[in-house]
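Just so it is clear, none of the values below were taken in a lab; they were calculated from the coordinates. All of these numbers come straight from a predicted model, not from anything done at the bench. No Cβ is skipped: glycine too gets one built from the backbone with ideal geometry, and neighbour counts run over all protein chains shown.
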Amino acid sequence: MKILAIESSCDETACAVVEDGVKELVSVVASSKDFHEKTGGVVPEVASRKQLEFIFPVLERTIEDYCEKTGCSGKEQAIASIDALAVTVGPGLIGSLVVGVTAAKTLSMAWKKPLIPVNHLVGHIYANFTGNPSGITFPAVCLLVSGGHTDLVLMKGHGDLVYLGGTMDDAAGECFDKVARMMGISRYLGGALLSKKALECKEQGVAKLFPRPMLDQDNYDFSFSGLKTAVKRYLDSGEREVPCTAREFEEAVVDVLTAKTMKAVNNFGVKSLLVGGGVSANSRLRKSLKKETEKAGVSLFIPEPRLCTDNAVYIASAAYFNNVTKALNEIKAEPSLNIMGLV
Ligand SMILES: Nc1ncnc2c1ncn2[C@@H]1O[C@H](COP(=O)(O)OP(=O)(O)OP(=O)(O)O)[C@@H](O)[C@H]1O
Ligand SMILES: [Mg+2]
């Protein structure tokens, strides 16, 4: 079963073909992030115009690469071998989403293939299913930690998700980005650069200069806006150089994410922890979760860094494990109603 997926929720235009939800055959990602660096944040109108500019070349390249990979004789043969389409339907910037959804709907009608709608956040979790998902046992706790979201979810099985808690204000990724900006490290998407800068700190140990918000509360919620303000006050006082302040900040975020996640893991007695979203590329977070899950005898799954941020591989994977049978049955029953909930 081969699914061609399209992802266009923000500033990445991505397309991928994945076999049986686990085998990545091709993945193409174009990004407009350099344009948003200039303005210090995403301008939605610019992002959607870039989606429009990138969508055709990305689709073309995907089919070409897929053809090369599978040794097909031409585009027609490549298209014929694809069983279904999938597309991100939200959350995201509406102008960006519309480009991907419109492209997917058009291809679905032209190629007469079912189209499966996928939630972007559920997609992030499914980045763990590409490769070898055989070790993942349910129920599992999922930590989704991205640019726009920080959520803890109990996954009882495919399509059976229970929301446990999430951020009351800023997402962890957003907090990384805003602090990186305050420190003059990056004007846009500064998480990875801040983390790199923190490695330059030569001081031994962590002074715990910043708060660990909501750790004293018996819930699975987070709050990062106060932490961001605490860093700003500290920087404004001009007391310390950037690398060690960055490390102190990063440690505070990692401590909170690790503690709340392990609380959920222990309270629900799960044997698997799945992590997804851009911030899961953070090496300090990966190390901390590895240490704690090893202690607890829990299997930890974190995607390789390139699959942590937005791409279409995990969209195809989520589609396969959730709605593919329903979509195939629907198109068999009524070929003109082949766009699940999207018509
Ligand atoms: N190594 C890293 N350390 C910390 N943060 C990181 C790292 N790498 C990426 N990030 C952060 O990940 C975020 C981007 O992740 P992602 O692409 O999943 O978010 P998004 O798609 O914009 O948001 P959402 O998925 O919530 O819609 C940014 O905030 C970025 O700074
Ligand atoms: Mg994302």
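Over all alpha-carbon pairs in segment 1-160, figure out the percentage whose distance exceeds 22 Å.
Tail fraction, whole percent: 45.
For Asp169 and Glu294, what is the calculated FRET efficiency with R₀ set at 30 Å and r taken between the beta-carbons, to the nearest 0.05?
Computed FRET efficiency for Asp169 and Glu294: 0.40.
Over segment 133-302, what is the relative contact order in whole percent, taking alpha-carbon pairs under 8 Å and six or more residues apart?
29 percent
Which whole-percent values make up P(r) of segment 133-302 when all C-alpha to C-alpha distances are grouped in 10 Å steps starting at zero?
10, 40, 33, 14, 2, 0
Taking the alpha-carbon set of segment 1-90, what are its Rg and Dmax in Å?
Looking at segment 1-90, its Cα Rg and Dmax stand at 14.4, 45 Å.
Report the rotationally averaged projected area of the chain based on its alpha-carbon convex hull, in square nanometres.
17.6 nm²
Where does each of Ile6, Ile94 land when they are ranked from fewest to most other beta-carbon atoms within 10 angstrom?
Fewest-to-most ranking of Ile6, Ile94: Ile94, Ile6.
Give me Rg over Rh for segment 71-112, both radii from the alpha carbons and Rh done the Kirkwood way, two decimal places.
1.10
Taking θ = phi - 60°, what integer Hz values does the Karplus form 6.51 cos²θ - 1.76 cosθ + 1.60 yield along segment 102-107, in sequence order, with x for Gly and Pro?
Rounded to whole hertz, the list is 5, 4, 5, 5, 5, 5.
Expected output is a single nm value to one decimal: the length gained when fully extending between Ser134 and Gln217, i.e. 0.36 nm times separation in residues minus the C-alpha distance. What is it?
Here the answer is 26.4 nm.
Quote the Stokes-Einstein diffusion coefficient, in whole µm² s⁻¹, for segment 99-140, based on the Kirkwood radius over alpha carbon pairs, a temperature of 20 °C and a viscosity of 1.002 mPa s.
170 µm²/s
Could you tell me which of rounded, prolate or oblate describes segment 115-163, using a ≥ b ≥ c as the square roots of the eigenvalues of the alpha-carbon gyration tensor, with rounded for a/c under 1.5 and, failing that, prolate when a/b is larger than b/c and oblate otherwise?
Rounded.
Among the listed pairs Lys33/Lys260; Lys208/Lys232; Lys75/Lys105; Lys197/Lys263; Lys33/Lys263; Lys228/Lys260, which are separated by more than 25 Å between their Cα atoms?
Exceeds cut-off: Lys33/Lys260; Lys197/Lys263; Lys33/Lys263.
Just to be sure I understand: with springs between alpha-carbon atoms less than 10 Å apart, which residue in Gly165, Gly21, Gly238 has the highest mean-square fluctuation in the Gaussian network model of the chain?
Per the Cα network of the chain with a 10 Å cutoff, Gly238 tops the list.
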